[in-house]
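Read through the structure below, which is laid out as structure tokens, and then see the notes.
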Amino acid sequence: MDVDIWSWVGGTQRQLHEAGNVGLAMALGDVPAQALEGRYGQLDVVAPAIAQQAEGMEQPWLELFARYWHLIGRVGDRANGSVAIDDARELVSFAARGDVADCPAAPGAVEVLAIAQANTDGPGYADERLGSLGRALQTVGPDSLAFSGLTTQYVLALLDAGKPAEAVAYAEAAVERLRGAGREASWELAAMSARALLAAGRAQDALEALHAANGFKPDDPVAKARREGILHSRILVELGQVQHAVESLPDLDVVGEHPRDWVEWAQVVHRLSEQDAIQNSWQLGRIVRQWMSYFETMGSPRARVDLAFTGARLALRRQGVWQARLLADLAEAASRELKSAEGVAERIAELRAECDAAVELPPPGPEAELVAYFDAADGRTADPERWVGWLWPLSGKDLEATRRHTTTLGFLGYAPTGADVYWQMAAVQGDPAQADPEDIAYLTGLLIEAGQDERVHDLAARLKAPASHLALARLHRARERWEETADEAEKAAKGGAGLESLRLWSGAVQQLGDNVRAAEILRPIIDGDVEGEEEDIWRVIVLATAAEDWVTVRKGAARLGMPIQSPEGPIEEEWHLIRAILPAPDGSQREVLAVRTGPATARLAIPQPRGMEYNAGDIVVIDPRPLEPVPESEEEKENFVIPFAGVTMLRPGGYTSWFFDGAAPTDEEWSEFDELMAERGWPMWVYSDKNYTVTHPGTGEQLPGVFGWIAIPPDASPTELDAVLDDVTETWVHPLAWLDLAREVGVEAERHEHIVKEYGL
């Protein structure tokens, strides 16, 4: 993206502020940070909302900006593949429109599409990427920041096309062109040059190039250290500097949340394991399998194939032959989705030959005693991968062995294989109607996890009621089909299926918005007619609270030994301070100090900015399970405020918030101000920190500033607040501004506008 785009963004923000669209202006500036910092919950809400508003405002550049960064957040760190290609193609078409093509950000659309294609199948899309990137590079020069990004992707496409020498030459020429224009390459382009040198067999040159890249500024500063560590380790392995490679490689907990790095990280780990320089454990195999599943949902068959081969090689070194065979099958299945599968079939055949030649570990005892050995194994130290191999000869024949074998297969990420084995034994060779309910429950769970929904329907058709209804309720619950879940779970419950059916039924009804009915369904647990657990009682309390069924809440509290002072009516007591975790409009979460007023209620104590769906004085329903454990030390306990998740609004307090801003007064003046707000019961909260400053209108020096919100109850008027603020601040050296309030009441709005302008608020 060109540097001019940031000037444009700043100008657009000012325009939005002046037009009163403060929320959109603030969100616009934060979108790139959301994409690069991994705040995807916010990004996935905010960016589409900005794009939609921009379309309505007929601001196509703004729409392009929001859509670009949203896609960068998807195809970048999250490594979306084919699931993002159509959106990327649409963005390219949008960027080519006459009213958008001149936008400095327009070439970025081609970059996004190239990344999505590389994520899907780099070699398969190599030629198409070279064509589109080449055309885009003809329209921008090295004076544009788009040049580095497009060039980086062009070099990667050359590598995927099997042209490392050309990639090296192109990268070096691009760096020289940038120098000639008085610009520096991005760190990403310099690092891609090192990758090209490594692919060309010039590992020492690659190492020197990577070291030289440290002087360049990264486009993605958040990811730089992590990505540099992986590449550095990979180069060092090639140079035989194994110990230094281990030291450079980021730990799993560093890369675990960054799919873009998984394939390369796993490949480096494999190389290090060949030198016995790093632990190769069953846990690593399980993680690789999880990563493959992620890339399946993202439409990235090339990553799945690469991880399958890496995972299989790692498994063979652990003598996990069964896993290597399954990974060969998964590689073959993924290869059918590749645009170019050249050489893959040969690699699969080679892998299978290695599996055939591998020696498997002998079991720890006679086959007839393996179940007993399994049960006696230490659950913390036992290797589940080895047990899968040892139990395999018995699985599908012996019920107890099959249960353990398929359970372990599912745990290691091979639920479909376990489902096939269990299905064959329970539904093909056996009669599900005669099976133990525990076996049916587990088989249903395996089939659901494996995505074998047709088999669940088949299974249910062969079961008697209420088991048939319970099986379908489990399936519908997993697929979030709430009406179907409620229907089948109700039939199961009325047929005597027990506690699980009640939980499924109640949960589905709650999802459909009927808290009263959801609480009634679980009422037998409170009455003692059905044996439940403590969490079930709490669930009834939460549901009954949301429905304001205070009789049931009190009954549930009594079951838990929790004293309630008032005998009837709403429970509105003063318990203790908590942190209520509530949703924010941008998709993030917000902590709000509140006073717990009952088993599952809290009253918000802090005024909230305009645009929030809650404010001080509101009563909210909370989930009584603490989100963080209480600290053990007395010193930490003293300052610890327990966080609870907000569930729903119970009763709005009707408070309205008003913003204030200005130079900070003296401690004495502020104390008087604070006490006056407290006396009137008007919650006030300072949102600024010690770094906030304003400009002295006379000298231009920076003064400590303060801004925040005051909330007034419905029986207080804005005019009353304006008068109180005017009275308490009239003797302050520097005036306070409350512009929105002044405009609302129509009193001295021009004076407040002047303060805002004078102090640079």
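Summary of computed values
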| read-out | value |
| --- | --- |
| Where Gln323 falls short, out of the listed (1) in contact (Cβ under 8 Å) with a residue 60 or more places away in the chain; (2) more than 33 Å from the chain's Cα centre (by Cα) | (2) |
| Residue in region 568-580 that is touching a residue at least 60 places away in the same chain (Cβ under 8 Å), open to solvent by less than 20 Å² (accessible area, probe 1.4 Å) and either touching a Leu at 6+ places or on another chain (Cβ under 8 Å) or on the phi < 0 side of the Ramachandran plot (or both) present | yes |
| Test: residue in region 676-684 that is under 21 Å from Thr729 (Cα atoms), part of a strand (DSSP E or B) and at pLDDT 90 or above | yes |
| Count of residues meeting criterion [at pLDDT 90 or above, more than 20 Å from Pro665 (Cα to Cα) and of a type in the set (Asp, Glu)] in region 713-743 | 2 |
| Cβ pairs under 7 Å, 6+ apart, first in region 396-423 and in a loop (DSSP other than H, G, I, E, B), second open to solvent by 50 Å² or more (accessible area, probe 1.4 Å) and among the basic types (Lys, Arg) | Leu412/Arg286; Gly413/Arg286 |
| Region 733-757 residues that are within 22 Å of Arg610 (Cα to Cα), paired with ones that are of a type in the set (Lys, Arg) and open to solvent by 30 Å² or more (accessible area, probe 1.4 Å) (beta carbon under 6 Å, 6 or more apart) | Ala749/Arg743 |
| Residue in region 90-97 that is among the small types (Gly, Ala, Ser), surrounded by fewer than 20 Cβ atoms within 10 Å (Cβ to Cβ), modelled with pLDDT of 95 or more and assigned to a helix (DSSP H, G or I) present | yes |
| Subset of region 700-731 that is β-branched (Val, Ile, Thr) and not in a strand (DSSP E or B) - its residue that is farthest from Glu758 (Cα to Cα) | Thr719 |
| Members of region 721-730 that are β-branched (Val, Ile, Thr) and either without any contact (Cβ under 8 Å) to a residue 60 or more places away in the chain or touching a Pro at 6+ places or on another chain (Cβ under 6 Å) (or both) | Val724, Val728 |
| Condition met for Thr139 (open to solvent by 20 Å² or more (accessible area, probe 1.4 Å) and of a type in the set (Val, Ile, Thr)) | yes |
| Out of Glu483, Glu531, sole residue that is touching a residue at least 24 places away in the same chain (Cβ under 8 Å) and closer than 22 Å to Pro599 by Cβ | Glu531 |
| Residue match in region 676-692 (condition: over 26 Å from Glu613 (Cα atoms), in contact (Cβ under 8 Å) with a residue 24 or more places away in the chain and open to solvent by 60 Å² or more (accessible area, probe 1.4 Å)) | no |
| Set Val83, Val155: member being open to solvent by less than 40 Å² (accessible area, probe 1.4 Å), part of a helix (DSSP H, G or I) and touching a Lys or Arg at 6+ places or on another chain (Cβ under 9 Å) | Val155 |
| Test: Ile448 is surrounded by 16 or more Cβ atoms within 10 Å (Cβ to Cβ) and within 22 Å of Asp398 (Cα to Cα) | no |
| Extreme residue, farthest from the chain's Cα centre (by Cα), among residues of region 570-599 that are at pLDDT 90 or above and small (Gly, Ala, Ser) | Gly598 |
| Set Ala645, Ala663: member being under 30 Å from Ala544 (Cβ atoms), touching a residue at least 24 places away in the same chain (Cβ under 8 Å) and either touching a Leu at 6+ places or on another chain (Cβ under 8 Å) or small (Gly, Ala, Ser) (or both) | Ala645 |
| Glu385 being acidic (Asp, Glu) and open to solvent by 40 Å² or more (accessible area, probe 1.4 Å) | no |
| Check on Gly41, open to solvent by 10 Å² or more (accessible area, probe 1.4 Å), assigned to a helix (DSSP H, G or I) and not charged (D, E, K, R) | yes |
| Complete set of residues in region 172-189 that are under 30 Å from Gln34 (Cβ atoms), open to solvent by less than 60 Å² (accessible area, probe 1.4 Å) and of a type outside the set (S, T, N, Q) | Ala174, Leu178, Ala185, Trp187, Glu188, Leu189 |
| Criterion (over 19 Å from Ala415 (Cβ atoms), of a type in the set (Lys, Arg) and surrounded by 16 or more Cβ atoms within 10 Å (Cβ to Cβ)) met by exactly one of Lys339, Lys397 | Lys339 |
| Filtered residue count, region 687-712, keeping only those that are at pLDDT below 90, aliphatic (A, V, I, L, M) and within 24 Å of Leu604 (Cα to Cα) | 1 |
| Cross-chain or 6+ apart pairs with Cβ under 6 Å, region 364-375 first and closer than 12 Å to His405 by Cα, then of a type in the set (D, E, K, R) | Val371/Glu400; Phe374/Arg404 |
| Pairs where the first residue, in region 290-318, is hydrophobic (A, V, I, L, M, F, W, C) and the second is open to solvent by less than 10 Å² (accessible area, probe 1.4 Å) and not in a helix (DSSP H, G or I), C-beta under 6 Å, 6+ apart | Met298/Gly81 |
| Helices (runs of 4 or more DSSP H) wholly inside region 429-543 containing at least 2 residues that are on the phi < 0 side of the Ramachandran plot and within 28 Å of the chain's Cα centre (by Cα) | 437-449, 467-478, 482-494, 499-511 |
| Odd one out for Gln434 among (1) polar (S, T, N, Q); (2) open to solvent by 30 Å² or more (accessible area, probe 1.4 Å); (3) under 30 Å from Asn280 (Cβ atoms) | (3) |
| Subset of region 583-623 [among the small types (Gly, Ala, Ser) and assigned to a strand (DSSP E or B)] | Ala594, Gly598, Ala602 |
| Every residue from region 727-761 that is open to solvent by 80 Å² or more (accessible area, probe 1.4 Å) and either among the β-branched types (Val, Ile, Thr) or under 14 Å from Phe707 (Cβ atoms) (or both) | Thr731, Val733, Asp740 |
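The values are calculated or read from the model by the stated rules, or taken from the named source; none is laboratory data. Bear in mind the structure is a predicted one, so any value in this text is a computation, not a measurement. In this analysis, Cβ positions are derived from the backbone assuming ideal geometry, glycine residues included, and neighbour counts consider all displayed protein chains. Remember, those area values only see protein heavy atoms, side chains included, never the ligands or the DNA or RNA. Shrake-Rupley method; radii C 1.70, N 1.55, O 1.52, S 1.80 Å.
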